[in-house]
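Trainee: Starting off with a structure, shown below.
The values are calculated or read from the model by the stated rules, or taken from the named source; none is laboratory data. Just so it is clear, the model here is predicted, and its values are computed rather than measured. Here the Cβ is made from the backbone with ideal geometry for all residues, glycine too, and neighbour counts use every protein chain on show. Side chains included, ligands, DNA and RNA excluded: accessible areas come from the protein's heavy atoms. Shrake-Rupley method; radii C 1.70, N 1.55, O 1.52, S 1.80 Å.
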4 protein chains.
Amino acid sequence: MAALFRGSRSLLLRWNKHVNLAYVSMRSMASKTPVGFVGLGNMGSPMAKNLLKNGYPVIATDVFPESCKELQETGAQVVDSPAEVAEKADRIITMLPSSPNVKEVYTGPNGILKKVKKGTLLIDSSTIDPAVSKEMAIAAEKMGAVFMDAPVSGGVGAANMAKLTFMVGGVEEEYHAAQELLTCMGANVVYCGQVGTGQAAKICNNMLLAIGMIGTAETMNLGIRLGLDPKLLAKILNMSSGRCWSSDTYNPVPGVMEGVPSANNYQGGFGTTLMAKDLGLAQTTATNTKTPIPLGSLAHQIFRVMCSRGYANKDFSSVFQFLREEEGQ
Amino acid sequence: MAALFRGSRSLLLRWNKHVNLAYVSMRSMASKTPVGFVGLGNMGSPMAKNLLKNGYPVIATDVFPESCKELQETGAQVVDSPAEVAEKADRIITMLPSSPNVKEVYTGPNGILKKVKKGTLLIDSSTIDPAVSKEMAIAAEKMGAVFMDAPVSGGVGAANMAKLTFMVGGVEEEYHAAQELLTCMGANVVYCGQVGTGQAAKICNNMLLAIGMIGTAETMNLGIRLGLDPKLLAKILNMSSGRCWSSDTYNPVPGVMEGVPSANNYQGGFGTTLMAKDLGLAQTTATNTKTPIPLGSLAHQIFRVMCSRGYANKDFSSVFQFLREEEGQ
Amino acid sequence: MAALFRGSRSLLLRWNKHVNLAYVSMRSMASKTPVGFVGLGNMGSPMAKNLLKNGYPVIATDVFPESCKELQETGAQVVDSPAEVAEKADRIITMLPSSPNVKEVYTGPNGILKKVKKGTLLIDSSTIDPAVSKEMAIAAEKMGAVFMDAPVSGGVGAANMAKLTFMVGGVEEEYHAAQELLTCMGANVVYCGQVGTGQAAKICNNMLLAIGMIGTAETMNLGIRLGLDPKLLAKILNMSSGRCWSSDTYNPVPGVMEGVPSANNYQGGFGTTLMAKDLGLAQTTATNTKTPIPLGSLAHQIFRVMCSRGYANKDFSSVFQFLREEEGQ
Amino acid sequence: MAALFRGSRSLLLRWNKHVNLAYVSMRSMASKTPVGFVGLGNMGSPMAKNLLKNGYPVIATDVFPESCKELQETGAQVVDSPAEVAEKADRIITMLPSSPNVKEVYTGPNGILKKVKKGTLLIDSSTIDPAVSKEMAIAAEKMGAVFMDAPVSGGVGAANMAKLTFMVGGVEEEYHAAQELLTCMGANVVYCGQVGTGQAAKICNNMLLAIGMIGTAETMNLGIRLGLDPKLLAKILNMSSGRCWSSDTYNPVPGVMEGVPSANNYQGGFGTTLMAKDLGLAQTTATNTKTPIPLGSLAHQIFRVMCSRGYANKDFSSVFQFLREEEGQ
């Protein structure tokens, strides 16, 4: 994490790191001590349950009492605020909708950092701007705690089955401590580098996924209009250089594959509004780093228009339907 | 092919088809009779040589005498015009740079159709507008000949090693006759449907390839600027939903893979100008069929600008270099 | 027109030009002799009527008998085919939907060029690919006739009131002869250069118009969402460097201006489908001349998607409505 | 400004507003009392000088001592920090490069708000994210001060000649107090609405300007390649619906107009890097408000790529040169 800091602060930080590492070793030995969990939504709730299944006591909170109550019934201890979680647990996982929620939960008046104990390991699995992850890491470090970003890929189904993929950014020395918890909730845990790189990896993957999906939808539509059978076209693409995950695993054309949202009227899957959110993050990071992303940017705009035109809650592969000529035109 | 025609002509055509099929069976039995070849460029020349290697006498022509001379030295008979080729061969393969050349070679004053014999099988391996393929098929049918489009994927190397992929459009009854010849020059031969669908498949594949490549270049560049190691990012994408041929087989970032143009200063491979040409065809067919292709269209424009900025002869994966911030900026 | 030809043909052509010019002078003197008119649609019909009003006998034809009958009742002589028009008139105006129609009317089996008299002046007011205009000019020249392209701007209202603008391409010596007729139907006649440049000017104007309109729609929508009053925003843009025809004369936001389609639920005006057609021509000419048009190309795609989503017959300024968040989202 | 707040805070705020207004009236009467100025760059320095010319004592600061010294020589009092400016002036103007600078100058450890007097009028002429303007307004209000955003259009030349245009957002009651100062530095002062709308107007104008400029460059390039004379094409566009500020006042094609950057090898004018910055703000506000801006977004990417390819310091109309085919290609 040294790269985040410069000049005269580094000595102090190095000292802090020693302190932190001492706490860390205590933590690693003390397994099955309570784990804090903030954010019990569609994703967070099954993740917390998987910690419980693995024998970890869970101390949880959420702004919605219903979510808390449900988790309480499966054995978790519910408290009133993120600050209170921080008082009672020295490993805390957060799973929140967006950057402002993360800021509030960490640095707000009842936030984690108000009561965090020195050496606490903070793992944020929200998908947010990596610049905010870096801000949180700096704020945590000031309190003697360690912050890591660990956004997930895989949806609610994967969360239920503990099959998520975690992309982890943060100091390498803490990675194994994080991995111990994350493997209870996911099938793959990948260390990506310094704080924020977990978010970066997630954002990058989803941007390329979005481009590949729209590209596949355009290509399939064009081919069909030129007289090609869609199944045959998919087969040709998949044995050639046009191949991508959207063409061979999640084809957007109804009738080409089974068990994908296009086979089920674009229900389930990954909503257009969620993809638009992730592309908004890609756009923001690209704008802030002055990186040109012409296709990523246009993909963002297309999913944004789709949200305006009634596709917000359909799976993002419904872009095929959006681009296709309407019946009777 | 009936779908190409309407109304009162269909009866005549059905009759023609019977005549053609009679000729066809004669052809299929008469293997190792001469094969005509028009267009002896970088691709056509090794293709014709592979026919010679397989024992087929080749009767060839090209506008460049040097190209003819070279093939003559390997055993082909060289004649003066496509018309003369048509007089001497009842199976003819054409491999030409673009639509106007194809029109000239088939329907020009010294074109194939001026002298074509009834029942001749005409296979065009050029990559052109499928609408022109359909025109040529209609013109050929009027002369009692059969036209198929069979564009290739794979470059000069694949042509030399007889490892091309052929995407074939035309009447299904003729497909096996075409296949007999094409397998001498390629490793895969795929039947795509009616005339023009070979072109359609080729165009579709290359459009999605172009989108995937630019998308991969943008994504890798963004990730690197966000602090990710390029090899690690490629690995993460390739095990996730961002995976595509450009990320896992032909990565555009120097240092990520070996044996690809990005490892060799973007020399060799598939030139930007050729990709721009194929995207021009995608654009034209999409415009003519009123199909929206927002990403395909933007990909076209990006490769077009690259051609204007000095990237014409570099491999198309040099889009990574084009998008990346220049040193010292 | 010499630039269109090369080498040994030029001498012959120069001779032909002398012959043509001799005929031309005869024509110019012989005013009020019959004028031929092919294509009596929404635009062609009022144009032909304006010729009649100016005292020109009109000899007309159209594929729809109803259109012919209506014009006959206002005094025109109706004949059966373009060829017959060519037999009876040495100045002919054509106004047709698209390139294939123009090809058919000029070079088809009953086309003008089958019976055209030497020295006839052919004026095509259709909006088509300038490459087709050049083809027609070459074909006409072979028959000793002169072809000019003269597409119009201004819609049905302008056609009725003889307020069209004509953009004229062709040999300069013929321009005044053309102008004599065109001024009966339009308020502005602009000479643009060699054959095809009339089309080029029309296509260029409409491409920039399309870009300006979508840009204005995006900008107004963004400003409104950022809390600006739309009328105030329009006023600020129009006194600043954001000013364009779409912001100051044809504003797409309901309530900002009166007397424009946005004030009338986007009825009337210039249909999205027509704009998509013109952008298709821009796309085709840009592709053929290898010219990058990133915004023009994206504008094309946006209007194409709008056609697929139910906006085909609304005024093209309805792009504001298309981009705006739907109620209740 | 009430719309910025909700619920129980509104009563307090209303009370605050009364207090503020009392101070305001004192200020308005006390004209020619000192004006604070923070940010003495290329724009700020001539702006501050124009205040001095109009008889206002100026108390200024900047991070660069050279900038301070220069202004000191023309009669300003220079102090060490924004906080000190706030101690000595109850009207303060800030002119800073970007959002982080504005945050630092207002809310940093030596920032204005550390020492601001109740009732002080704070006018920020920086071009920044309107969300940051709103944040600053809330922070200022907490201290009993009033914040307005007043970004400018017009460059260094206009700043020197006091010919800037100010777009002002903030409480309407304060507008006249702001206007008194702004008219010393600008020719036009436009009230846009609540805090942030000045920024919104500026961003909207520049986004539409960027789109119009690229559109004009594409269109002129296409027309030239289709055989049109550039001056004639500009004339046709400017009398038609393609007309925009970039075509009629700032044409990007060398030789079409005099006195514009395209006539001077794209030197002077408005640098590509500045336009890219403003489009970055448009992108960010659009992303944050979930507003689709397909053309604005693509314009952003194009100027961003131009910055990577050596056009950063050329006038933004050099996009014509960027898109044009290189010599010899």
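Trainee: Considering only helices (runs of 4 or more DSSP H) fully contained in the range B:178-277, which possess at least 1 residues that are of a type outside the set (Gly, Ala, Ser) and closer than 30 Å to B:Leu96 by Cβ?
Mentor: Working: elements: B:197-225, B:230-238, B:245-248.
Here the list reads B:197-225, B:245-248.
Trainee: Only one of D:Gly227, D:Gly212 is open to solvent by 10 Å² or more (accessible area, probe 1.4 Å), more than 22 Å from D:Pro261 (Cβ to Cβ), free of Cβ contacts under 8 Å to residues at least 60 places away in the same chain and of a type in the set (Gly, Ala, Ser); which? Full working, then the answer.
Mentor: Details: D:Gly212 fails: more than 22 Å from D:Pro261 (Cβ to Cβ).
Residue meeting the stated conditions: D:Gly227.
Trainee: Taking the range A:230-252 as the region of interest, how many residues are open to solvent by 10 Å² or more (accessible area, probe 1.4 Å), small (Gly, Ala, Ser) and in contact with a Leu (Cβ under 7 Å, 6 or more places away or on another chain)?
Mentor: The total comes to 1.
Trainee: Also, quick follow-up: So, in the range B:221-263, exactly how many residues are more than 7 Å from chain A (Cβ to nearest Cβ), modelled with pLDDT of 95 or more and out of contact with any helix residue (DSSP H, G or I) (no Cβ under 8 Å at 6 or more places or on another chain)?
Mentor: 5
Trainee: Identify, please: which residue in the range B:71-80 is more than 23 Å from the chain's Cα centre (by Cα) and assigned to a helix (DSSP H, G or I) and is, among those, nearest to B:Gly39 (Cα to Cα)?
Mentor: Across the range B:71-80, the extreme among qualifying residues is B:Gln72.
Trainee: Here's another thing I want to ask about it. Quickly run through the range B:161-181 and pick out the residues that are under 13 Å from the mean Cα position of the chain (by Cα) and not small (Gly, Ala, Ser). Even if it seems obvious, please write down each step before you answer.
Mentor: Looking only at the range B:161-181, we keep the residues that are under 13 Å from the mean Cα position of the chain (by Cα), and these are B:164-169.
Hits for the range B:161-181 are B:Leu164, B:Thr165, B:Phe166, B:Met167, B:Val168.
Trainee: Next up: Those residues that are closer than 15 Å to C:Asn221 by Cα, within 7 Å of another protein chain (Cβ to nearest Cβ) and at pLDDT below 95, I need them from the range C:312-329; list them, please. Give the steps one after another, and end with the answer.
Mentor: Step one: list which residues in the range C:312-329 are closer than 15 Å to C:Asn221 by Cα, which gives C:317-327.
Restricting the remaining residues to those that are within 7 Å of another protein chain (Cβ to nearest Cβ) gives C:323-326.
Passing the criteria: C:Arg324, C:Glu325, C:Glu326.
Trainee: Among the listed residues D:Leu52, D:Leu40, which satisfies the condition of being in contact with a helix residue (DSSP H, G or I) (Cβ under 9 Å, 6 or more places away or on another chain), at pLDDT 90 or above and within 13 Å of D:Thr94 (Cα to Cα)? Spell out how you get there, then give the answer.
Mentor: Values: D:Leu52 fails: within 13 Å of D:Thr94 (Cα to Cα).
Just one listed residue meets the conditions, D:Leu40.
Trainee: Taking the stated definitions as given, is C:Met167 assigned by TED's automatic domain parsing to the domain that holds C:Met47 and part of a strand (DSSP E or B)? Before you say what the answer is, go through the steps one by one.
Mentor: Numbers: assigned by TED's automatic domain parsing to the domain that holds C:Met47: yes; part of a strand (DSSP E or B): yes.
Judged against the criteria, C:Met167 is a match.
Trainee: Just to be sure before I move on: is A:Asp129 touching a Cys at 6+ places or on another chain (Cβ under 8 Å) and either of a type in the set (Asp, Glu) or at pLDDT below 95 (or both) in the structure I sent? Spell out the reasoning first.
Mentor: Working: touching a Cys at 6+ places or on another chain (Cβ under 8 Å): no; either of a type in the set (Asp, Glu) or at pLDDT below 95 (or both): yes.
When the stated conditions are applied, A:Asp129 does not pass them.
Trainee: I've got another one for you. What number of residues within the range C:305-329 satisfy the criterion of being open to solvent by less than 20 Å² (accessible area, probe 1.4 Å) and assigned to a helix (DSSP H, G or I)?
Mentor: 11
Trainee: Mind listing just one residue for me: the one in the range B:86-118 that is small (Gly, Ala, Ser) and free of Cβ contacts under 8 Å to residues at least 40 places away in the same chain and, of those, nearest to B:Asp129 (Cα to Cα)? Working first, answer last.
Mentor: Looking only at the range B:86-118, we keep the residues that are small (Gly, Ala, Ser), and these are B:86, B:89, B:98-99, B:108, B:111.
Then drop every residue that is not free of Cβ contacts under 8 Å to residues at least 40 places away in the same chain, which leaves B:99, B:108, B:111.
On the way: B:Ser99: 7, B:Gly108: 18, B:Gly111: 19 Å.
If we take residues in the range B:86-118 being small (Gly, Ala, Ser) and free of Cβ contacts under 8 Å to residues at least 40 places away in the same chain, then B:Ser99 is nearest to B:Asp129 (Cα to Cα).
Trainee: Take the range C:153-164 and flag every residue that is outside any helix (DSSP H, G or I) and open to solvent by 10 Å² or more (accessible area, probe 1.4 Å).
Mentor: In the first step, residues of the range C:153-164 are kept if they are outside any helix (DSSP H, G or I); the result is C:153-155, C:161-164.
Matches in the range C:153-164: C:Ser153, C:Gly154, C:Gly155, C:Met161, C:Ala162, C:Lys163.
Trainee: Checking B:Gly198 against (1) in contact (Cβ under 8 Å) with a residue 40 or more places away in the chain; (2) more than 8 Å from chain A (Cβ to nearest Cβ); (3) under 18 Å from B:Ser317 (Cα atoms), which single condition isn't satisfied?
Mentor: Answer for B:Gly198: the failing condition is (3).
Residue-wise test of (1) buried (at least 21 other Cβ atoms within 10 Å of the Cβ); (2) part of a helix (DSSP H, G or I); (3) in contact with a Gly (Cβ under 8 Å, 6 or more places away or on another chain).
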{"site": "C:Glu66", "(1), (2), (3)": "no, yes, no"}
{"site": "C:Val105", "(1), (2), (3)": "yes, yes, yes"}
{"site": "C:Gly119", "(1), (2), (3)": "no, no, yes"}
{"site": "C:Ser133", "(1), (2), (3)": "yes, yes, yes"}
{"site": "C:Ala140", "(1), (2), (3)": "yes, yes, no"}
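Trainee: Output the residue which, of all residues in the range D:34-55 that are open to solvent by 10 Å² or more (accessible area, probe 1.4 Å) and part of a loop (DSSP other than H, G, I, E, B), is farthest from D:Ala162 (Cα to Cα).
Mentor: D:Pro34
Trainee: So is B:Gly186 modelled with pLDDT of 95 or more and facing another protein chain (nearest Cβ under 7 Å) or not? Walk me through it before giving the result.
Mentor: Working: modelled with pLDDT of 95 or more: yes; facing another protein chain (nearest Cβ under 7 Å): no.
No; evaluated as a whole, the condition is false for this residue.
Trainee: Could I ask something else about it? Listed residues D:Glu218, D:Glu172; which is in contact (Cβ under 8 Å) with a residue 24 or more places away in the chain, more than 20 Å from C:Leu237 (Cα to Cα) and not small (Gly, Ala, Ser)?
Mentor: On the way: D:Glu172 fails: in contact (Cβ under 8 Å) with a residue 24 or more places away in the chain.
That would be D:Glu218, the only listed residue that is in contact (Cβ under 8 Å) with a residue 24 or more places away in the chain, more than 20 Å from C:Leu237 (Cα to Cα) and not small (Gly, Ala, Ser).
Trainee: On to the next question. Considering only the range B:282-293, I want to know if a residue exists there that is part of a helix (DSSP H, G or I), at the interface with another protein chain (Cβ under 9 Å from one of its Cβ atoms), open to solvent by 10 Å² or more (accessible area, probe 1.4 Å) and out of contact with any Gly (no Cβ under 7 Å at 6 or more places or on another chain). Step through it out loud before you land on a result.
Mentor: Residues of the range B:282-293 part of a helix (DSSP H, G or I): B:282-288.
Next cut, at the interface with another protein chain (Cβ under 9 Å from one of its Cβ atoms) only: B:282-288.
Keeping just the survivors that are open to solvent by 10 Å² or more (accessible area, probe 1.4 Å) gives B:284, B:287-288.
Checking the rest, the ones that are also out of contact with any Gly (no Cβ under 7 Å at 6 or more places or on another chain) come to B:284, B:288.
For the range B:282-293, residues part of a helix (DSSP H, G or I), at the interface with another protein chain (Cβ under 9 Å from one of its Cβ atoms), open to solvent by 10 Å² or more (accessible area, probe 1.4 Å) and out of contact with any Gly (no Cβ under 7 Å at 6 or more places or on another chain): present.
Trainee: Right, another one. Against the definition (facing chain C (nearest Cβ under 7 Å), at pLDDT 95 or above and open to solvent by less than 50 Å² (accessible area, probe 1.4 Å)), how does D:Leu279 come out, yes or no? Spell out the reasoning first.
Mentor: Working: facing chain C (nearest Cβ under 7 Å): no; at pLDDT 95 or above: yes; open to solvent by less than 50 Å² (accessible area, probe 1.4 Å): yes.
So D:Leu279 fails the test.
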